[in-house]
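No lab work stands behind these numbers, since they all come straight from the coordinates. All figures in this text were calculated on a predicted structure; none of them were measured in a lab. Neighbour counts are summed over all protein chains in view; Cβ atoms, including those assigned to glycine, are modelled from backbone coordinates with ideal geometry.
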């Protein structure tokens, strides 16, 4: 390796904050909800609800004013739910098992890890994945290093809740080894990560088995020898 091999992290990795689940559908639902909330009938129902709760119920208490707010709410509440639900979906990103997760909120906490399962995360998580799998170990080593975390922390914006960004992360310079070295190193790291993930799932299985068997053992519903047989089947 030499100085001429130095490149930015972005050249090796894809810092997409992952595909959003149902992005186009969520956008459509959000537009529909906002459009409906801005309709004159919806706005009138909101005004009626406020007027009824703060004026009519006090000045003219009756069965009508008691139910008028509920009736008015039927015109706008469903659209409000649609808009808020779709907005929550827009704030989620999907990641896959084995991808690298970097917490961009207060990066000095060094929140870096490899996803043990497929899932979704908030926008405060950057999902980093190598453009070629042969660079996985190299990318993971740099992204999880103290030097990289300190670099992102130095470039964070905000005082109480500082955040870094993929744009800042991607400017981090690294020295690139040969492809053969990168692949050999990644093979070793990937093997270790796979063992760690397998251990995580095994631990969860054992914990679930414990939570199932322990109450039954304490209550006398099953005996120790029966629990051993169940554990053998589960493992």
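Report D for the stretch 23-90 in µm² per second (integer): Stokes-Einstein, Kirkwood Rh on Cα pairs, 4 °C, 1.567 mPa s. It comes out at roughly 101 µm²/s.
With a cut-off of 16 Å on the backbone N, the residues of the stretch 135-165 near the modelled label site 7 Å out from residue 124 along Cα-Cβ are 153, 156-165.
Here the simple spin-label model places points 7 Å from the Cα toward Cβ, and for residue 219 and residue 200 these points are separated by 3.3 nm.
Each of 93, 71 was scored by other Cβ atoms within 10 Å of its Cβ. Listed from fewest to most, they are 71, 93. Per residue, the average separation of C-alpha pairs within less than 8 Å and at least 6 apart gives the stretch 23-90 a relative contact order of 56 percent.
Modelled label positions at residue 178 and residue 32, each set 7 Å beyond Cα in the direction of Cβ, lie 5.8 nm from each other. Please state the shape class of the stretch 110-218: rounded when a/c is under 1.5, otherwise prolate if a/b exceeds b/c and oblate if not, all from the C-alpha gyration tensor. Since a/c reaches 1.5 but b/c is at least a/b, the shape of the stretch 110-218 is classed as oblate. Put a dot 7 Å past the Cα of residue 163, heading toward its Cβ, do the same for residue 55, and the two dots end up 4.1 nm apart. Expressed in nm to one decimal, what extension gain is obtained for the pair residue 108 and residue 96 from 0.36 nm per residue of sequence separation less their Cα-Cα distance? Going from the current span to full extension adds 1.9 nm. Between residue 41 and residue 85, what FRET efficiency follows from the Cβ-Cβ distance if R0 is 25 Å, with the result rounded to 0.05? According to the calculation, E is roughly 0.70.
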